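Contents: one structure, followed by commentary.
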Amino acid sequence: MHKYPDYFHLFLGGPGKVAELVTVNTLPCTILTSKILSKMVERKSGIIINISSASGYHEMAKWSVYSGTKRFIKHFSACLHKEYSSLGITIQAVCPMFLATNMTHYSVTKTILSPEALAESAIKTLGHTSETAGSIIHELQAIGLSFPSFFVDPFISILSKTQKQEILEQQKMK
Ligand SMILES: NC(=O)c1ccc[n+]([C@@H]2O[C@H](COP(=O)([O-])OP(=O)(O)OC[C@H]3O[C@@H](n4cnc5c(N)ncnc54)[C@H](OP(=O)(O)O)[C@@H]3O)[C@@H](O)[C@H]2O)c1
């Protein structure tokens, strides 16, 4: 995850941190999926759930690397779903909105779910859809991200500015 949203050339930590984020967000999932598929093909059954993010639904300025890697997971999973569904293997991408985790430091609210609540709801969609935001409330929020950029981008811009300010203020207080 980016420390805070910013222009790509100002990415905190420079190219090394960029490489780390791309690696952590894409490679393990890709390699583990390739490893496990052979066994699943043999057994003609299996389920793979990859965690993407709703940030993969929209081209988010100042979040380019995170949003891009999450798009990769969503796209990769959708391709694999097409390849393997006829072989008895279910592949799903879960693309949640905000959750209350160490990454966000948000508290649980009506729209910011705990990972447990999201998982409990998302698991019910298995076998029904190859891609889900994971819960009804996140699905509704994600629809907003599919609106045209001229509508969505101003909201993302405000969110990014607020997040950057909050994080910089927290860092000053430390
Ligand atoms: N939180 C959200 O709002 C949200 C929304 C949509 C999707 N997601 C996705 O959910 C997944 C889990 O995130 P989370 O929100 O649960 O965050 P989290 O609680 O901070 O968990 C992130 C995990 O990734 C590991 N990690 C982070 N950077 C790493 C690095 N450079 N090298 C190795 N391991 C690293 C962390 O290890 P340590 O514990 O050792 O630091 C931790 O286990 C991510 O793929 C995220 O994109 C989160």
Out of (1) in contact (Cβ under 8 Å) with a residue 12 or more places away in the chain; (2) over 30 Å from residue 87 (Cα atoms); (3) assigned to a helix (DSSP H, G or I), the one residue 2 does not meet is (3)
Taking segment 1-44 as the region of interest, how many residues are more than 10 Å from the ligand (Cβ to nearest atom) and loosely packed, with under 12 Cβ neighbours inside 10 Å? 16
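This table checks each residue for (1) modelled with pLDDT of 95 or more; (2) within 12 Å of the ligand (Cβ to nearest atom); (3) crowded, with 23+ Cβ neighbours inside 10 Å.
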residue: 51; (1), (2), (3): yes, yes, no
residue: 61; (1), (2), (3): yes, no, no
residue: 65; (1), (2), (3): yes, yes, no
residue: 72; (1), (2), (3): yes, yes, no
residue: 91; (1), (2), (3): yes, no, yes
residue: 101; (1), (2), (3): yes, yes, no
residue: 112; (1), (2), (3): yes, yes, no
residue: 116; (1), (2), (3): yes, yes, no
Scope segment 60-105; condition at positive phi and of a type outside the set (D, E, K, R); matching residues: 88, 105
Members of segment 52-101 found to be in contact with a strand residue (DSSP E or B) (Cβ under 7 Å, 6 or more places away or on another chain), over 17 Å from residue 133 (Cα atoms) and outside any helix (DSSP H, G or I), listed by number: 89
Single unsatisfied condition, residue 12 versus (1) in contact (Cβ under 8 Å) with a residue 40 or more places away in the chain; (2) farther than 23 Å from residue 121 by Cα; (3) outside any helix (DSSP H, G or I): (1)
Any residue in segment 128-143 that's in a helix (DSSP H, G or I): show its pairings with residues that are surrounded by fewer than 19 Cβ atoms within 10 Å (Cβ to Cβ) at Cβ separation under 9 Å, as long as the two are six or more apart or on different chains. 137/110; 137/111; 138/98; 138/111; 141/98; 141/111
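The values are calculated or read from the model by the stated rules, or taken from the named source; none is laboratory data. Computed from a predicted model, the values in this text were never measured in an experiment. Neighbour counts are summed over all protein chains in view; Cβ atoms, including those assigned to glycine, are modelled from backbone coordinates with ideal geometry.
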